[in-house]
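First up is the structure itself, then whatever we jot down about it.
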Amino acid sequence: MGRTALVVGGARGIGLATAHELVKDGHRVAVTYRDSAPPPDIFAVRCDVADTASVDEAFARVERELSAVEIVVVAAGVTRDKLLMRMNDEDFADVLDTNLTGAFRVAKRASRAMVRARWGRLIFISSAVALRGEAGQANYAASKAGLIGFARSLTRELGSRNITANVVAPGYTETDMTASLTEDQREHMRSQVPLGRAAQPEEIAAAVSYVASDRAGYVSGAIIPVDGGAGMGH
Ligand code: NDP
């Protein structure tokens, strides 16, 4: 029997591919959108992860329309790439607020019903950059590394309630986020990948599908790299 899943940041890119994969797995799936148009084929609710009330309202709508959320995937993320010398307080704080504090807001709201149900899957989309670091991405890498400590702490807090918390760490994936890079930058990223190509969003979604499943009931606090080998050794 399927479960109720919510993909936060699921209107495009990795989040949308994940939502489609979870539908294929037989789950009842909702996505959140903010600036993107909601996908035509999946139940969608508006949500800005930078706003606690908006997160609460999105969960309340999914609870009303579907049921309590049992699987939550946090795919919402932004970049604001700049070298440290040029990065101002806002560049740093805004990226942290969306990528890391946003995940906190979502997980906190999701955990209530999961604790009650004694079942839950918390899945955070981090990045290979979390472990490797990247010039020009100190804010982004810090936010994505923060997700690891966050998920591992939740594993310790919530594990006894049968709730798992895992991190999926994609490498260079073809989405809008990387389409804005120059061809030189993309070539540089490809050159660091042993498989010699970017990932497709569906390849990240496959890993999320696994940790969301009943089969992954004993996997928690894990970092699952899906990066064509780019992060090996980190
Ligand atoms: P996209 O830029 O295509 O999508 C970003 C998503 O985040 C959109 O769905 C967007 O929603 C959502 N989002 C951004 N800010 C907010 C916010 N404040 N509240 C709610 N939703 C928000 O990127 P990807 O699909 O590539 O990225 C998905 C995740 O994967 C991100 O966390 C990213 O950091 C991570 N990742 C991506 C990699 C890549 O190479 N592409 C590599 C490693 C990790 P909307 O459009 O509705 O505003």
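Residue count for the stretch 181-204 under the criterion of being among the polar types (S, T, N, Q) and under 30 Å from ILE71 (Cβ atoms): the result is 1. Of the strands (runs of 3 or more DSSP E) lying entirely inside the stretch 1-72, those carrying at least 1 residues that are within 13 Å of the ligand (Cβ to nearest atom), among the hydroxyl-bearing types (Ser, Thr, Tyr) and out of contact with any Leu (no Cβ under 7 Å at 6 or more places or on another chain) are 28-33.
Residue-level check: of (1) touching a residue at least 12 places away in the same chain (Cβ under 8 Å); (2) closer than 20 Å to GLY13 by Cβ, SER180 misses just (1).
Only residues that are touching a Phe, Trp or Tyr at 6+ places or on another chain (Cβ under 6 Å) and either outside any loop (DSSP other than H, G, I, E, B) or more than 10 Å from the ligand (Cβ to nearest atom) (or both) were counted across the stretch 73-98, and they come to 2. Within the stretch 145-198, being modelled with pLDDT of 95 or more and polar (S, T, N, Q) holds for SER153, THR155, SER160, ASN162, THR164, ASN166, THR173.
Any idea which residue in the stretch 114-141 is nearest to THR79 (Cα to Cα), counting only those that are within 15 Å of the ligand (Cβ to nearest atom) and open to solvent by 40 Å² or more (accessible area, probe 1.4 Å)? Restricting to residues being within 15 Å of the ligand (Cβ to nearest atom) and open to solvent by 40 Å² or more (accessible area, probe 1.4 Å), the top hit is ALA138. Within the stretch 12-36, the set of residues being acidic (Asp, Glu) and in contact (Cβ under 8 Å) with a residue 12 or more places away in the chain comprises GLU21, ASP25. Within the stretch 142-169, track down each residue that is more than 10 Å from the ligand (Cβ to nearest atom) and of a type in the set (Lys, Arg). Passing the criteria: ARG152, ARG156, ARG161.
The values are calculated or read from the model by the stated rules, or taken from the named source; none is laboratory data. Predicted model, so just to flag it, every value in this text is computed and none were measured. In this analysis, Cβ positions are derived from the backbone assuming ideal geometry, glycine residues included, and neighbour counts consider all displayed protein chains. Keep in mind that these areas ignore ligands, DNA and RNA; they rest on the heavy atoms of the full protein, side chains included. Shrake-Rupley method; radii C 1.70, N 1.55, O 1.52, S 1.80 Å.
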